[in-house]
Amino acid sequence: MEQKKKKIPTKIRLKDGTVLEVPQDIRFKEKWISARLLIDRVGLPKELEDL
Amino acid sequence: MRLETYEILSERIVVSYKFISEGPKGEIKKVVDYLELGFLNLFNLGLSDEDESTGLNNDKAISNNGDTRKVLATVAFTMQRFIYKYPQARILIEGNSASRIRLYRINISKYLNDILRIFNVYGLRNSKWELFERNISYSAFLITKKNNFI
């Protein structure tokens, strides 16, 4: 049976309300979304924030 | 004076390193991708199998080709090459499953002394980054080049 293709969002919303377009490179969309949202949620280590 | 500007966009960089895993299941093409996220010098590291028939990479593949240690050592080698090319890069490793994250953690722990000669390693725990320590579970890793390493 053919599997349904998972829909990948074309935009994401950050904590501050900013809406970002998801890059259209099909190989990496999900990774980009996941990493972008993770860093939006947790930020960077303190030592790296000031650099 | 602060002038109003338009938002600017830059092309993303994807740096790929390819190698062939050899083992009981034959030859399996592996790809290590560093995807520029477009902010804070962050790059996402992904390890996947290359599927020649579709042209797509499968990062969920579990190849079980009996060479995990060599594969991960090769990934670490790509990291050295990559950081030499992009010394300001911050490499984010999320892993796509708990088992893969665990595998990364075990191997980082095993070679931590060597890794720390070149890199700073952070682990994500309870939504906070902390310096990597052995025997602690993390949900993601962040790796940067040490300032004194040329």
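What follows is calculated from the coordinates using simple rules that are stated; it is not laboratory data. As the structure is a computational prediction, the values presented were derived from the model and not from experiment. Virtual Cβ from ideal backbone geometry, glycine too; neighbours counted across all protein chains shown.
Every Cα-Cα pair of the protein assembly as shown was included, and the share exceeding 27 Å stands at 33 percent. Counting Lys and Arg as +1 and Asp and Glu as -1 over every other residue whose Cβ lies under 13 Å from the Cβ of B:Asn135, the net charge comes to +4. A cut-off of 5 Å between modelled amide H atoms, ignoring neighbours fewer than 5 places along the same chain, links A:Val22 with A:Lys11, A:Ile12. Here's the list of lysines a cross-link from A:Lys15 could span, going by alpha-carbon distance under 17 Å and ignoring same-chain residues fewer than 8 apart: B:Lys128. Start at zero, step by 10 Å, and the Cα-Cα distances of region B:1-85 spread as 15, 41, 24, 11, 6, 3, 0 percent across the bins.
Please go through the residue pairs B:Lys30/B:Lys110; A:Lys7/B:Lys25; B:Lys25/B:Lys60; B:Lys85/B:Lys146; A:Lys6/B:Lys145 and name each one whose alpha carbons sit more than 25 Å apart in this structure. Among B:Lys30/B:Lys110; A:Lys7/B:Lys25; B:Lys25/B:Lys60; B:Lys85/B:Lys146; A:Lys6/B:Lys145, the Cα-Cα distance tops 25 Å for A:Lys7/B:Lys25; A:Lys6/B:Lys145.
Label separation (B:Lys128 vs B:Tyr111): 3.0 nm, computed from points 7 Å beyond Cα along the C-beta direction. Legend: mean number of C-beta atoms from other chains within 10 angstrom of residue C-beta atoms, peptide B:55-67, equals 1. Amide H contacts under 5 Å for B:Lys145: B:Asn120, restricted to partners 5 or more places along the chain or on a different chain, H placed in the peptide plane at 1.01 Å from N. In terms of other Cβ atoms within 10 Å, B:Glu4, B:Glu50, B:Glu36, B:Glu22 run from fewest to most in the order B:Glu4, B:Glu22, B:Glu50, B:Glu36.
Binning all Cα-Cα separations of chain B at 5 Å, short to long from zero, yields these whole-percent fractions: 2, 8, 17, 21, 19, 15, 9, 5, 2, 2, 1, 0, 0, 0.
Once backbone amide H atoms are built at 1.01 Å from N, B:Leu42 has B:Leu37, B:Arg90 as its partners under 5 Å, excluding neighbours fewer than 5 places away on the same chain. Entry note, chain B: the mean residue ellipticity at 222 nm calculated from DSSP H runs of n ≥ 4, each adding -39500 (n - 2.57), is -8000 deg cm²/dmol after division by the residues and rounding to the nearest 500. The trypsin sites (Lys or Arg not before Pro) of region B:50-119 that meet both conditions, a loop assignment by DSSP and at most 16 other Cβ atoms within 10 Å of the site Cβ, are B:Lys60.
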